[in-house]
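So the structure is just underneath, and the comments pick up after that.
The values are calculated or read from the model by the stated rules, or taken from the named source; none is laboratory data. On a predicted model such as this, the values are computed, not experimentally measured, just so you know. Every residue, glycine as well, gets a Cβ built from its backbone with ideal geometry; the counts of neighbours run over all protein chains shown. The accessibility values were calculated without ligands, DNA or RNA, using every heavy atom of the protein model including side chains. Shrake-Rupley method; radii C 1.70, N 1.55, O 1.52, S 1.80 Å.
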Amino acid sequence: MKRFSIIGKDVPRTDAATKARGSAIYTDDMKLPGMLHGRLLRSPFAHALIKHIDTSKAASLPGVKCVITAEDTPKIKYGNWRLFPETQDEYALAVEKVRFIGDEVAAVCAIDKDTAEEALDLIEVEYEDLPAVFDVASSMQPGAPVIHDYCPTNISVNRKIKYGDVEKGFADSDYVREDVFTVHGVSHAYLEPCSALAQVDLDGRITLWTSTQVPYIVQCLLASTLGMRENDIRVIKPYVGGGFGGKMELRAWEFCAALMAKMTGRPVKFTLSREEEFLAGRRRHPMTIHSKVGFRKDGTLTAKDLKIRLDGGAYNAMGPTATFLCGNFGAMLYRYPNYRFHGEHVYTNKPPASAMRGFGAPQSLYATEIQMNIAAEALGIDPVDLRIKNAQVSGDEIPDVAVISSCGFVESIKAVAEMSEWKEKRKNLKPGHGIGIGCYSFISGGVFNWFNTQYPFSAAEVRVFSDGTAHLLSMASDIGQGSDTVLKQILAEELGLRMEDIRITVADTSMTPQADLGAWGSRVTLMAGNAVIDAARKIKEQIFGSVSARFNLNVIHELECKDGRVQSKVKSDYGLSFGEAVAMAQKANRGEPIVARGSYTPRDKGLVTPAFGFGAQVAEVEVDRETGLVEVKHMWTAHDCGTVINPRSVEGQLAGSIQMGLGYALSEQFVMDGGKTLNTNFADYKMPMATDMPPSDVVHIDTYEPEGPMGAKEAGEGLASPTAPAISDAVYHAVGYRCMDLPITPEKILEDLEKMSETGDKQA
Amino acid sequence: MKHQIRFTVNGDEYVVAVDPRRTLNEVLRDDLNLTGTKLGCGTGDCGACTVIVEDRTVSSCLTLAVSVNGKAVRTVEGLAPSGEELHPIQEAFVKTGAIQCGFCTSGMEMAAAHLLSRNPSPGEEEIRAGLSGHLCRCTGYNQIVEAVSVAAEAMRNSKTEEVKG
Amino acid sequence: MRLPKFAYFAPRTVEEALNLLADHGEGARVMAGGTDVMVKMIHGLLKPTAIISLLEIEELRGIHFDAKDGLTIGATAPLADTASHPDIVKYYPALVHAIRSMANVEVRNMGTVAGNICNAAPSADTAPPLMVMNGEVNLASLKGQRRLSLNEFFRGPGVTNMIHGEILTSIHVPPPLPKSGVSYQRISARCGVDIAAVGVGVGIVLAGEACKDAKIVLGAVAPVPMRALETEELVQGRERAQELLGQAGDRAAQEARPISDMRASASWRRKMTAVLTRRALDEAFERASRR
């Protein structure tokens, strides 16, 4: 395996010191002369016609500079699936009707926040309440209220996958298990509320600073919804305080800031309150998962039939992609010789669900993993052994779903079982204690191009200088996951430079090379990383010649960039410092700067992703049989992310995903009353805190992904999936409660224990 | 009616006319341009807005600016001794990987400063308790806990700047 | 939501504060640490026209203890100071436990016991331990002083028997009796720092092995922190035994009048009332037997 000098090292993040000082500028930290403050008026109804809006009182309030409704906009719909325009179902401000509590109806901007808030109360909206639906089953009933006219069934997306003969597979099975799982919605709960600031320049063009994961997508969709050209919009991503999938679409406040900046000629900033984030914010899809799976006596999988209904809320948002992906993830991890999937994305009058860390995997794999455990018990096989028997391996192919190049899944299962002393603990734990396992596989970016970009998926520009430094330009978005650092590490490794030799400019659509689809689906390291390598290699081509000429090297000499030098690989004294080499190359080119552009677009990699990450996790819990409270005592994780580029970053992501998984399993949920979200603050939306985190051990499984930059692939996002099934299985092992409807709550556990004691059922 | 308040932030004296309903968070961020202090929830539930008033941490979103009249406020901008150096707490946060998106960081650092001013050698549980109520969605807290412990050791060893808390 | 418009005053004496309160009528609101008042204003639940801060009144800040008179906690003494006060740690551990399980460090640095009481949430953590320890509040008004038992203080969620024009100046708790023990147990259905879904305070005094006086207060299972009078009666005269603990828990669960809300269901709250009463009673017996 290749030896690296910077890859695999605990390089501190490039943005850490400025963030530690409090001097990193996030969107809401920005202030421009003459800036106005915007606020959105949201619908109090889940489903209603807008009969009339009177903005006159609000507009005449002193200090108010602009009030807009849909009538002031071009009324152009948007959505991330540009390739299928009928799926683009959202207006920035509601046209004719509102579809969920929190739907944006009007916007104001004023000289200060208080005036803007006051003006909101003065906008008079006359609604005609319509019947509404709040769950998938009711929404699919014949005669149910139609939420979008274009979609009379309320089912906006159907996705089917089929290979093999599922019926035959079940017929050949010794054991068939059929279950229905329901999983709930949770919030991204990024710490930085969404914020956008727009300014118009002299030519009427717009600059938008916004807290986003997808500057390029925002640029394109903002242009189309405003009826402007793409190049008339410049989107800049300042530091972003987390996203987790919740900031990957054009949103109403971005549109309103831009339009109102145009209308007033003054900069306009919108920053959401936490209450708005919870009331109307995107969330992970609740799903109803009907899963049927067959085995032979020896544990060999025979078939799987998976039907998933996604509760999409009022708009598609990223739901179509989630519908596609949860079917793919249903086919992952184990070798199902026969597989059938039908996914339906269903509208309801609730806040739209969208992409969230794991993007369909946490839901789909919850069902997969719990069913594996149920089957293991029924077949009398240890859950670990059953998994190893069926696990996917390198070289496996699934039609339409996956070509698996590198795969450290079996090694992960074995490692986690060993670390956790699985076999021993599974038999001999104290009463009330339990141990359980959950596994995952995840994509390293999507191959699908429903956004229909005309550009490469990722691009990089590298400029090198005679002072021995390099400048990397990339549209990739660091939203806290650390991609700026990783890209710098990759460039430094490739050019033999130090981290401090590299300056980086990122995520400015007018300055950085077209294009990058954004930070989602764990695509940045692999795709932007490959683009950086591509550019770096082109730089090397340009400077190697000058070294070769200078030392009159035989053409068979391989050159390398190492330790700040450009040199012959076999005779390092035939070489120059990096800066000298650049200077010579530049001289040879009569002053032309040494610049190169690189790009990456996955081709011939199937329809889903160029590479898959894998892993397994074990949880040990203690359940209080009197209260039903679950305490997670320890977590063990073994995962395969290919080459680990920055160990501390990977471990940090992993611990973060355990926090999120813990919340998903045990404490986080939206409490809804019909279409209204009741818990709209952090006092009532319960995220795990420092005191709730269990001790945790981790092992990186050593693999090398041929398609990845320096062998790397997805890390940290797939880990959003295994925690909930691992905890759930541990709870079952501890007290016999099998959770089929997340989250696991003390109430459900106690009710189940009572039922069991009545019927004298299993007591683990 | 606006009140004229006089207070210090990181040793600098400010005289500001504020409406009584202005929070300390707004005055720091909007009037004094000290944007290192964040606003994560506005209801005292996330810890991102934490600053030190006199000798203890408070949620700046729940503190009326008028109430700090005559008091000394310390924010994240007051931790580092200079533009070149970092405070040991900041140094430890950088080194251990405790910073991802960074939005909770200043609140966490202020909580750490407060904790270490009272307890220079906190155990892991004490650190976790001292940070409890400070939300982080990125790190799972482990590296933050490690950072506080590393900072404590560095501060004990060097006894450089006394955190006045 | 933005804060409403209000006038702000920071008087230096109680008398000054009382005059301001009288002058500004029903719209005036007294504030100490502000952690509850501010949140209520932010949520639009409270729209005072005047805020009278007590923070500048020197005499309200102190915490005093002596073995004869017991404990006095000034209206603006922060929760954090209360929970770390050596005498309170020594003599009133149940109160310390209640405070440490409340909120986060910053809120404990700002908030006060008096504020927790005046906010009158059914789930107020300090109420059950204070009530079982026969806590009282000292109220000042322009007409003079009065002392009110905490048992008679709460009227409903957010409503107390304070009259407009009165200021709670301190909380008084008698010194612990010999052979007495107090316990506070609380639970939330979720992890982390959380509002209590159920809290149970038990205070007992022993004569020999038997309980000669019992006070049991249930939090978050009724519109106000409620005395479980039947359970108290049941415990009276009895010795510590598993059977008694079980009976007491069941009786308390029957007495509780919980509702379902977003934090917990009524049925789980009822079950937890039984569990926590059992645990608190056990710990109270244990503590009493050691004193």
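Here are the numbers for the structure shown:
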quantity: Tilt relative to chain B, helix B:105-118 - C-alpha long axis, 0 to 90 degrees, to 10; calculated: 80 degrees
quantity: Kirkwood Rh and Cα Rg combined as Rg over Rh, evaluated for the protein assembly as shown; calculated: 0.98
quantity: A:K430 paired with A:A588, simple spin-label distance in nm, labels 7 Å along Cα-to-beta-carbon; calculated: 7.1 nm
quantity: Ranked by how many other beta carbons lie within 10 Å on average, peptides C:30-43, C:203-216 from highest; calculated: C:30-43, C:203-216
quantity: Filter on A:K488/A:K633; A:K237/B:K71; A:K389/A:K425 - keep pairs with C-alpha separation over 26 Å; calculated: A:K488/A:K633; A:K237/B:K71
quantity: Accessible-area composition of chain C, carbon plus sulfur, in percent [1.4 Å probe]; calculated: 51 percent
quantity: Length gained when the stretch A:E377-A:K605 is fully extended (0.36 nm per residue, less Cα-Cα span); calculated: 78.4 nm
quantity: Per-residue HN-Hα couplings for region C:215-224 [Karplus 6.51, -1.76, 1.60; θ = phi - 60°; Hz; x = Gly/Pro]; calculated: 10, 10, 10, 9, x, 6, 10, 7, x, 9
quantity: Farthest positive-ward along the protein assembly as shown dipole, Cα basis, beta-carbon charges - from A:V214, A:A198, A:G656; calculated: A:V214
quantity: Residue list for region C:226-243, given a label point 7 angstrom along the Cα-to-Cβ vector of C:R257 and an amide N cut-off under 13 Å; calculated: C:226-229
quantity: Descending semi-axes in whole angstrom, ellipsoid equivalent of region C:58-173, from the Cα gyration tensor; calculated: 20, 16, 14
quantity: FRET efficiency estimate (nearest 0.05) - Cβ-Cβ, A:Y163 to A:S757, R0 45 angstrom; calculated: 0.50
quantity: For residues of C:32-41, the mean tally of beta carbons on other chains within 10 Å; calculated: 4
quantity: Filtered trypsin sites (Lys or Arg not before Pro), region B:53-88: DSSP coil and at most 15 other beta carbons within 10 Å; calculated: B:K71
quantity: A:A137/A:Y455 FRET efficiency (R0 51 Å; Cβ-Cβ; nearest 0.05); calculated: 0.75
quantity: Packing rank of A:268-281, A:360-373, A:82-95, where each peptide gets the mean count of other beta carbons within 10 Å, highest leading; calculated: A:360-373, A:268-281, A:82-95
quantity: Chain C, relative contact order in percent, only Cα pairs under 8 angstrom and at least six apart counted; calculated: 16 percent
quantity: Projected label distance in nm at A:V595 and C:E58, using a 7 Å step from Cα toward the beta-carbon; calculated: 7.1 nm
quantity: Fraction of beta bridges assigned by DSSP in the protein assembly as shown that are antiparallel (%, nearest 5); calculated: 80 percent
quantity: Virtual spin-label span in nm between B:D31 and A:E126, 7 Å along Cα→Cβ; calculated: 4.4 nm
quantity: For region C:58-173, accessible area per residue (1.4 Å probe, heavy atoms of protein chains only), Å²; calculated: 37 Å²
quantity: Built amide H within the under 5 Å cut-off of A:D640, gap 5+; calculated: A:F614, A:G615, A:I701
quantity: Reach of A:K686 by Cα under 13 Å, taken over aspartates and glutamates that are not fewer than 8 positions away in the same chain; calculated: A:E668, B:D45, C:D194
quantity: Relative contact order [Cα under 8 Å, 6+ residues apart], region A:574-716, whole percent; calculated: 28 percent
quantity: Shielding by other protein chains, B:85-97, mean Cβ within 10 Å; calculated: 4
quantity: Loss of accessible area when B meets A, both sides summed, Å² nearest 100, probe 1.4 Å; calculated: 3900 Å²
quantity: ³J(HN,Hα), Karplus 6.51/-1.76/1.60, whole Hz, each residue of region A:698-712, x for Gly, Pro; calculated: 9, 10, 8, 7, 7, 9, 10, 8, x, 8, x, x, 6, x, 8
quantity: Nearest-0.05 FRET efficiency for A:D697 and A:R550, computed from C-beta distance (R0 60 Å); calculated: 0.70
quantity: log₁₀ of I(q)/I(0) at q = 0.11, 0.17, 0.23, 0.27 Å⁻¹ - region B:88-158, Debye sum with one point per alpha carbon; calculated: -0.20, -0.49, -0.94, -1.33
quantity: Burial order of peptide ranges A:387-400, B:25-38 (average beta-carbon count within 10 Å, highest first); calculated: B:25-38, A:387-400
quantity: Model label zone, B:E84; criterion: amide N under 19 Å from point 7 Å along Cα-to-beta-carbon; scope region A:1-45; calculated: A:17-18, A:21
quantity: Sequence-separation-based contact order of chain A, relative, with Cα cut under 8 Å and 6+ spacing, percent; calculated: 15 percent
quantity: Lys pairs under 30 Å by Cα in region A:514-628, provided they are eight or more residues apart or on distinct chains; calculated: 14
quantity: Qualifying lysines (Cα of each under 25 Å from Cα of A:K75; at least 8 residues distant if same chain); calculated: A:K51, A:K57, A:K65, A:K97, A:K247, A:K262, A:K269, A:K350
quantity: Average other protein chain Cβ within 10 Å of Cβ, residues A:653-662; calculated: 5
quantity: Rg and Dmax of region B:37-85, Cα atoms only, in Å; calculated: 11.8, 35
